[in-house]
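Read through the structure below, which is laid out as structure tokens, and then see the notes.
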Amino acid sequence: MRRLSIVVMIFAVMTVSCSRERMRSKEAAISSEVAELLAKMTLEEKVGQMTQVTLEVVAGGDDKGYLKLDAKKLRQAVIEHNVGSILNCGGQARTPENWHEIISQIQDLATKQTRLGIPVIYGIDSIHGVNYATGATIFPQNFAVAATGNVELMEEIGEIVALETKACGIPWNFNPVLGLGRQPLWPRFYETFGEDAYLASQMGAAYVRGQQGDDISQPRKVAACMKHYLGYSFPLSGKDRTPAWIPDRQLRELFLKPFASAVDAGVATAMVNSSEINGAAVHASRYLLTDLLRGELGFEGFVVSDWADIENLYTREMVAKDRRQAVKMAVMAGIDMSMVPYDYSFYDTLIKLVKDGEVPMGTIDRAVARILKVKFDLGLFENAYPQKDLLKDFAASESENLNLQCAREAITLLKNEGGILPLRKDKKVLVTGPCADKLSVMNGGWTITWQGDKEELYPAEKHTILEAVREKLGRANAAYVRGVDFDKEIDISAAVAAAGGADAIIACIGEPTYCETPGNIDDLTMSGPQLRLIEELAETGKPIVLVLVEGRPRIIRTIVEKASAVVMAYLPGMEGGRAAADILFGEANPSGKLPFTYPRETGALVCYDHKTSDEKSAKFNPQWRFGDGLSYTSFAYSDLKLDKEKMGMEETLTVTVKVANTGKTAGKEIVQLFVSDLVATVTPTVKSLKRFTKVSLGPNESRTVIFKLSAEDLAFIGLDNKPVVEPGKFKIAVGKLTKVFEVK
Ligand code: BGC
């Protein structure tokens with residue numbers, strides 16, 4: 001037996017080293033192919049590779065959602081301007097067949113009719129599934145996936161999104177979003193993995209692994225794009241694309257970490273923050289785009305601008321006097337590809353700049369080499385065409401099941417007074433609120449269209465919350481009155497009257513769909529009509545279950561006390577209705593935990609990993625805390641043990657804790673380990689998440705969870721802006737248990 005396992009081990013080691021060897025020689029072959037090709041290219045061909053235009057530029061007519069390309073415009077792009085990349089969907093989701101036709105026509109020209117036959121790299125925003133392909137598996141938005149605390153699930157989702165994107169013939173996905181959700185007003189909050197740097201790093205890296213595997217030339221893989229590097233998610237005003245002020249120390253302590261982790265996971269490309277940090281327009285910052293990203297993080301892929309953001313350097317950011325200066329600044333700072341996206345102005349300008357000797361050919365060559373490398377890595381030179389056979393796994397039923405599982409694991413139970421949930425199926429309910437009977441609001445932006453608001457384009461077979469509840473209770477037992485819209489009252493009195501005949505009220509409130517700048521708001525408070533609906537329903541004395549369907553935590557302080565239960569559904573995706581109903585009626589046990597702090601007041605937007613003064617001088621008293629989330633069963637933590645009381649800088653600390661399901665229902669628990677540095681030269685945060693895992697336990701079952709920490713996990717960014725581990729005492733907390741240890 002022992003001999004057999006040694007043989008197996010030797011075989012495994014040999015296989016790994018063979019495949020490493022293969023990868024190394026493939027890398028070497030690709031870099032010589034890139035060099036050879038580059039040597040043949042004219043300036044125009046090179047700058048064309050750096051140019052990305054949107055699909056509208058080459059589109060002809062749109063017949064009921066079926067998009068035809070315009071042959072002349074396509075020639076203008078691919079042949080006359082040597083365009084290396086095209087993006088986006090031209091307004092709405094397309095059928096996979098339409099995608100095949102679009103991609104094939106583009107590649108026909110690029111690979112057969114250009115001088116060097118360089119394929120186009122098509123890019124798309126598959127933000128929570130291939131949201132621009134009809135019938136695709138559309139998952140919960142990123143912040144909801146973060147709530148699952150399930151890294152393996154995230155990786156599997158990454159795999160499915162990659163497969164379905166590739167099945168459409170598209171090899172490049174502009175996701176994951178790795179900004180931290182620490183500014184809840186920001187309309188892209190839901191695209192993040194929440195406020196914590198470690199959680200976002202784990203989820204982001206898992207997504208990259210799922211998308212790319214270890215070889216992006218594989219049929220089911222795509223190149224991922226980490227975005228938006230760096231600091232985009234933290235605008236001081238909360239408005240999209242407005243200034244962020246982030247000291248270098250905090251930048252490195254928090255915002256840089258998920259990007260560093262994606263680079264370690266081998267992410268192929270990066271997209272840039274449209275806005276500015278500390279007055280530096282990121283598209284013009286050589287420090288951020290080259291010194292930090294490449295020099296320090298070691299990123300080797302290519303960098304694409306965001307939408308029109310080189311233009312924005314002279315029209316919005318005002319750091320350049322004209323287009324010529326803007327293009328020069330961006331390219332010299334480290335932008336390899338410009339998402340122009342509507343014309344050839346970047347192309348014409350950059351060619352002139354090189355001819356006038358203002359941008360060195362070496363800079364162009366470096367950028368083009370990086371782009372070509374990703375094209376070779378993707379295998380586009382061998383086959384740039386859609387692989388039709390992948391469609392057999394497009395929107396497979398297993399993917400739908402995983403989607404349902406994800407939504408169920410994300411949904412977070414925040415309040416459950418007197419154990420009112422789960423509701424009994426033999427009772428009558430009133431379902432109400434503007435989120436009860438719409439698929440769009442459960443999906444949010446980046447769904448079928450950019451703003452996600454075209455309810456009529458949503459798949460009829462998917463269930464709204466109301467439909468899913470009715471499926472369980474029967475139509476007669478689930479009355480429905482919308483009551484209000486987001487911004488106006490409709491029939492609150494009818495809702496109140498209907499409540500009379502119900503045993504409980506399921507009130508689905510939240511936000512309309514939005515995406516990017518159109519989602520800016522001036523007030524985080526839940527809209528007035530929705531608050532009034534709940535206040536008036538509360539007068540009936542019937543128990544209210546609030547279901548929150550929202551892309552950011554809207555303030556609901558005034559109605560929380562009036563509700564018996566609060567269920568955070570986030571933006572749970574296409575299976576959100578079924579998942580919510582499963583949770584409400586106990587067919588699934590909630591296991592999500594909030595990946596952000598839910599504020600109680602509009603003026604108290606402080607994250608969980610704040611400083612001691614945030615508690616002593618101010619009072620940190622959010623509505624719900626990072627990591628909050630109840631279950632229908634109960635979990636008990638015991639036996640927190642550290643394998644040593646004193647830890648050397650080179651040593652590993654092993655932490656064990658026993659977690660038991662002490663209730664009557666099977667359930668999953670996200671076990672989170674927090675560390676507090678008790679005294680440090682930079683004011684320490686009260687605690688920060690260092691490890692987590694999700695365990696599944698039957699009634700009366702228990703498990704010992706093991707975490708390992710190294711000194712690196714205890715590092716912080718010191719006064720000199722460099723990571724440091726200081727000797728001294730640290731506290732570990734898991735559940736309510738704590739232990740102190742010392743670093744020597
Ligand atoms: C967004 C990006 C997106 C790009 C292409 C921009 O407006 O900021 O996140 O990838 O459009 O659609």
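Couple of notes before you dig in:
- Pairs from the table (K415/K646; K619/K641; K687/K708) lying more than 28 angstrom apart at Cα are K415/K646; K619/K641.
- Descending by average beta-carbon neighbour count within 10 Å, the peptides 335-343, 573-581, 490-498 line up as 573-581, 335-343, 490-498, the highest first.
- Protection-proxy order for peptides 561-568, 521-528, each taking the mean of Cβ atoms within 10 Å per residue, highest first: 561-568, 521-528
- Karplus (6.51, -1.76, 1.60) ³J(HN,Hα), θ = phi - 60°, over the stretch 370-379, in Hz, Gly and Pro reported as x: 5, 5, 4, 4, 5, 5, 5, 4, 6, x
- Sequence-distant aspartates and glutamates (8 or more away, or on other chains) whose Cα lies within less than 12 Å of K694: E152, E409, E669
- Cleavage-rule hits (trypsin sites (Lys or Arg not before Pro)) in the stretch 206-249: DSSP loop, at most 13 neighbouring Cβ within 10 angstrom: none
- The stretch 41-393 - Kirkwood radius from inverse mean 1/r over Cα pairs (Å): 20.0
- In the stretch 344-487 the Cα-Cα distances spread across 10 Å bins starting at 0 as 8, 20, 24, 16, 13, 12, 6, 1 percent of all pairs.
- Loop-located trypsin sites (Lys or Arg not before Pro) in the stretch 354-453, at most 16 other Cβ atoms within 10 Å (DSSP): R424, K425, K427, K428
- Sorted largest first, extent of the stretch 249-329 alpha carbons per principal axis (Å): 37, 26, 19
- Within-10-Å neighbourhood charge of G483 [Cβ basis; K, R +1; D, E -1]: -2
- For the stretch 352-417, the list of GluC sites (Glu not before Pro) that fall in a loop by DSSP and count at most 15 other C-beta atoms within 10 angstrom reads E358, E382.
- Cα gyration tensor, the stretch 542-653 - rounded (a/c under 1.5), prolate or oblate: oblate
- Around the Cα centre of the chain, unit charges on the Cβ atoms of Lys, Arg, Asp and Glu (plus for the first two, minus for the last two) sum to a dipole of about 1440 debye.
- Kirkwood hydrodynamic radius of the stretch 184-333, from inverse mean 1/r over distinct Cα pairs, in Å: 15.8
- Estimated 222 nm signal from helices in the chain, with DSSP H stretches of n ≥ 4 weighted -39500 (n - 2.57), rounded to 500: -9000 deg cm²/dmol
- Lys/Arg +1, Asp/Glu -1 at C-beta; the chain dipole; positive extreme among A565, I118, A636: A636
- For the stretch 544-560, 3J(HN,Hα) per residue [Karplus equation, 6.51 cos²θ - 1.76 cosθ + 1.60, θ = phi - 60°, Hz, x = Gly/Pro]: 10, 10, 8, 10, 9, 10, 7, x, 7, x, 7, 5, 10, 3, 6, 10, 4
- Restraint check, K388/K472; K72/K112; K26/K328, Cα-Cα greater than 28 Å: K388/K472; K26/K328
- Computed on the stretch 168-228, with alpha-carbon pairs under 8 angstrom and 6+ residues apart, the relative contact order is 46 percent.
- Bins of 5 Å, starting at 0 and running to the largest distance - Cα pair percent for the stretch 405-483: 3, 13, 17, 22, 23, 13, 6, 2, 0
- Values of log10 I(q)/I(0), in the order q = 0.11 Å⁻¹, for the stretch 635-743 under a Debye, Cα-only, solvent-free model: -0.38
- Dimensions in Å of the chain - Rg and Dmax from alpha carbons: 26.4, 79
- Semi-axis lengths, largest first, of the ellipsoid equivalent to the stretch 390-446 are 29, 16, 13 Å, with √(5λ) applied to each eigenvalue of the Cα gyration tensor.
- In the stretch 411-616 the Cα-Cα distances spread across 5 Å bins starting at 0 as 1, 8, 16, 20, 21, 17, 10, 5, 2, 1, 0 percent of all pairs.
- Dipole orientation for the chain: of the candidates M442, G541, H463, G541 has the Cα lying most toward the positive pole (charges on Cβ; Lys, Arg +1; Asp, Glu -1).
Rule-based calculations on the coordinates, nothing more; no lab input. Note that the structure is predicted; figures quoted are calculated from it, not measured. As a convention, Cβ positions derive from the backbone with ideal geometry for all residues, glycine included, and neighbour counts pool all protein chains shown.
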